[in-house]
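All of the numbers you see were taken from the coordinates with simple rules; none came from a lab. Source: prediction; values computed, not measured. All Cβ positions, even for glycine, are placed from backbone atoms using ideal geometry, and neighbour counts span all protein chains on display.
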Amino acid sequence: MIHFTKLHGNGNDFILIDEYNGEIVPEKSAFARKYCDRRFGIGADGVLYLGKSDKADIRMRIFNSDGSEAEMCGNGIRCLAKYALDEGYIKENASVETPVGNLSLALRDEDKTWVTVNMGIPVFERAKIPAQGVGEFLNVALHGYNVSAVNTGVPHAVIFVDSFKPELMSIAPKIRYDPVFPKGINVNFVILNSSDEITVQTYERGVEAETLSCGTGSVACVAVAHKLGKTGKKVKVNTKGGKLKITLANDGAYIEGPAERVFEGTV
């Protein structure tokens, strides 16, 4: 029997496996594919594995619902931190080891648990997104849209639109799998509400569908919007699952949002 905890950050939901005291699931990809299924499994966008770290307070690995391992997840790391605080593994200020480096975070309790994470500095250089070509990937014509790209822990494409139309989610896979992005890319459609507020819809690589919220995607959208002179450095991001606050600073991009436990169980 394997114990799990279900959590979500603005509707971006995860199964968490506590491996702080030792590995429980050796076949992590297979477990994600089986139990993320919303009809025949627990149901989730991905699986979080919490472990000990020699470099930080705790360690995070995340596997998408298709079994692929992601480098980073903004909503996922908040859920991991919420669980770790509840279980006494960390205090209100902590660090998390991830494949993209150690990230610092702070937690506070109000009506729910709110977590602020320094996601690092967004990277616009094509080679580090990665994207083919040289220079920055800004307003490039692709599949009928002006596409910008940035890496905020994982690669993201950002497209500004006037309205969200149903066909956008059928266009997203074409951009996601375009050969210009050798490792694929997440795709975000953005409506600019004002200089300090945007609304975002995200098609996530690895989930291969729209998710209710994407933390790294929200950071990417604000980073691109500010880069193009559309917003300031502090922006409220509306997603289908709720709101996030993004702040761009010299030492990194900060994301603030809630994380909630949903239920516990065994499989």
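Hey, with R₀ at 35 Å, roughly what FRET efficiency would residue 109 and residue 134 work out to, going by the Cβ-Cβ distance, to 0.05?
Step by step, r from the Cβ atoms, then E = 0.15.
Could you tell me how many degrees, from 0 to 90 and to the nearest 10, lie between the Cα long axis of helix 74-86 and the main elongation axis, the longest principal axis, of the Cα atoms of the chain?
Around 20 degrees separate the two axes.
I'd like the FRET efficiency for residue 177 and residue 39, computed as 1/(1 + (r/R0)^6) with the beta carbon distance as r and R0 of 22 Å, rounded to 0.05.
That gives a FRET efficiency of 0.30.
Out of 58, 185, 77, any idea which swings most in a Gaussian network model of the chain, alpha carbons joined below 10 Å?
Result for the chain, Cα springs under 10 Å: 58 fluctuates most.
If you line up the long axis of helix 215-227 against the longest principal axis of the chain, both from Cα atoms, how many degrees apart are they, to the nearest 10?
Helix 215-227 sits roughly 30 degrees off the main axis of the chain.
Under unit Cβ charges (Lys, Arg +1; Asp, Glu -1), what dipole magnitude, rounded to 20 debye, does the stretch 189-267 have relative to its Cα centre?
Result for the stretch 189-267 is approximately 320 debye, rounded to the nearest 20.
Take 1, 72 and order them by how many other Cβ atoms sit within 10 Å, fewest up front.
1, 72
For the stretch 13-25, in order, what is each residue's ³J(HN,Hα) by Karplus, 6.51 cos²θ - 1.76 cosθ + 1.60 with θ = phi - 60°, in whole Hz (x at glycine and Pro)?
Calculated HN-Hα couplings, in order: 9, 9, 8, 10, 10, 7, 10, 4, 9, x, 5, 10, 10 Hz.
At 0.36 nm per residue, and after removing the present C-alpha to C-alpha distance, how many nm does the segment from residue 262 to residue 146 gain when stretched out fully?
Extending this stretch completely gives an extra 37.9 nm.
So what is the diffusion coefficient of the chain in µm² per second by Stokes-Einstein at 20 °C and 1.002 mPa s, using a Kirkwood Rh over Cα pairs?
116 µm²/s
Looking at the stretch 20-54, which trypsin sites (Lys or Arg not before Pro) are in a loop (DSSP not H, G, I, E or B) and have at most 16 other Cβ atoms within 10 Å?
In loop regions of the stretch 20-54 (DSSP not H, G, I, E or B), the sparsely surrounded trypsin sites (Lys or Arg not before Pro) are 38, 39, 52.
Calculated from DSSP H runs of 4 or more alone, at -39500 (n - 2.57) each and per residue, what is the 222 nm mean residue ellipticity of the chain, nearest 500?
My calculation for the chain gives -5000 deg cm²/dmol from helical runs alone.
Gap in Å between the Cα centre of the stretch 205-226 and the Cα centre of the stretch 19-78?
19 Å
Using DSSP to call loops (not H, G, I, E or B), can you name the GluC sites (Glu not before Pro) in the stretch 204-267 whose Cβ has at most 16 other Cβ atoms within 10 angstrom?
When the GluC sites (Glu not before Pro) of the stretch 204-267 are filtered for loop state and at most 16 Cβ neighbours within 10 Å, 208 remain.
Among 121, 15, 129, which one shows the biggest mean-square fluctuation in a GNM of the chain, springs joining Cα atoms closer than 10 Å?
121
Shape of the stretch 1-126 from its Cα gyration tensor (a ≥ b ≥ c, root eigenvalues): rounded if a/c is under 1.5, otherwise prolate when a/b > b/c, or oblate?
Here the stretch 1-126 falls in the rounded category.
If you average 1/r over all unlike Cα pairs in the stretch 126-248 and invert the result, what Kirkwood radius do you get in angstrom?
14.1 Å
List the trypsin sites (Lys or Arg not before Pro) within the stretch 174-210 that fall in a DSSP loop (any state other than H, G, I, E or B) and whose Cβ has at most 12 other Cβ atoms within 10 Å.
Those satisfying the criteria are 183.
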